[in-house]
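One structure is given below, encoded as structure tokens.
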Amino acid sequence: MNSRTILITGASSGVGRATAKHFAAEGWNVIATLRDPSKCDLNGDNVLVLALDVTEPASITRALDQAIARFRRIDVLVNNAGYGQYGIFEAVPPEKIQAEFDVNVFGLMNVTRAVLPHFRANGGGLVINVSSGAGLYTLPMISVYCASKFAVEGFSEALAYELASQNITVKIVEPHGGVTDTSFNTRAQRDNAVDPALADYAGFITQARSAFDSMVAARSISAEDVAWTIMEAASDGSRQLRYLVGHDARNFIKAKRELSDQEYVDFMRSHFIGVAKPEQS
């Protein structure tokens, strides 16, 4: 067996599945976790498929115990499980907001908390958190998802400082611009929050959807592209924090990095609510 072992959450499809396949092909020991193992088609002597629900600490503990019993140690944790809640904020029920944070933020924290004692006992380890461009810049109609990914970004950056003292590295992989071959957007569209009573937003929603359609047309990265970037982050031996993967076709990241704060906000507004007008004195 390869001496290095990786645990991946959300391995049923998309980025998680592609990452598990990629690492297994490269000879790593792979612990592919998901809520329902019957939905996973991964196999091999170096692959262990386990049930793990990031929102249930007991499920996480069981999976870790089984993984360590099989491979003796875990070297890399990839927190990939997550989903996107779409819809105007006023239309999103509180329970949907809670569910978004339960998976994307608290679930990520649950798994990380459970793995850290094992990493400290081993004298080190690597945590890779899969974030999003929506953790770097915001977009309308996905405010709840953006909030969850901004939380992941802030948590990861602060945690990286703490864990460096324990020889544990934290990295963030940030797909942006959209990933073409995952079920993420299918689920997000299915769970899109709509409230017919909020007719005041109709004009804005129409314009924003038109902007989103142009973004979708520009998508050009795949789950495999993200998996390759995760492999780079896991293998390059650096302390680099962020790894971007995608094409900044709309210049959102460039604008965020290079413009003043107000110039950036005006630039983003121009995509969704028309060109910003100067304030009247």
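The values are calculated or read from the model by the stated rules, or taken from the named source; none is laboratory data. Source: prediction; values computed, not measured. Heads up, the Cβs are rebuilt from the backbone with ideal geometry, glycines too, and the neighbour counts pull from every protein chain shown.
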* Asked: Does LEU34 count as modelled with pLDDT of 95 or more, crowded, with 21+ Cβ neighbours inside 10 Å, of a type in the set (A, V, I, L, M) and more than 28 Å from GLY237 (Cβ to Cβ)?
  -> yes
* Qualifying strands (runs of 3 or more DSSP E) (wholly inside the stretch 22-98; at least 1 residues being within 26 Å of CYS146 (Cβ to Cβ) and out of contact with any His (no Cβ under 7 Å at 6 or more places or on another chain)) -> 29-34, 76-79
* **GLN189 modelled with pLDDT under 75 and either among the aliphatic types (A, V, I, L, M) or in a helix (DSSP H, G or I) (or both)** => yes
* Looking at this structure, is ALA202 touching a Leu at 6+ places or on another chain (Cβ under 8 Å) and at pLDDT 80 or above? -> no
* Structure fact -> Over the stretch 169-186, the set of residues of a type outside the set (A, V, I, L, M), at pLDDT 85 or above and either assigned to a loop (DSSP other than H, G, I, E, B) or in contact with a Gly (Cβ under 9 Å, 6 or more places away or on another chain) (or both) is THR169, GLU174, PRO175, HIS176
* When you go through ALA121, ALA164 one by one, which is the residue that is without any contact (Cβ under 8 Å) to a residue 40 or more places away in the chain and aliphatic (A, V, I, L, M)? -> ALA121
* Inspect the stretch 222-237 for any residue being surrounded by 14 or more Cβ atoms within 10 Å (Cβ to Cβ), among the small types (Gly, Ala, Ser) and modelled with pLDDT under 95 and give the result as yes or no. => yes
* Kindly establish whether GLN98 is closer than 30 Å to VAL194 by Cβ and surrounded by fewer than 17 Cβ atoms within 10 Å (Cβ to Cβ). => yes
* Asked: Hey, any hits in the stretch 64-73 for a residue that's among the polar types (S, T, N, Q) and either within 27 Å of GLU162 (Cα to Cα) or surrounded by 22 or more Cβ atoms within 10 Å (Cβ to Cβ) (or both)?
  -> no
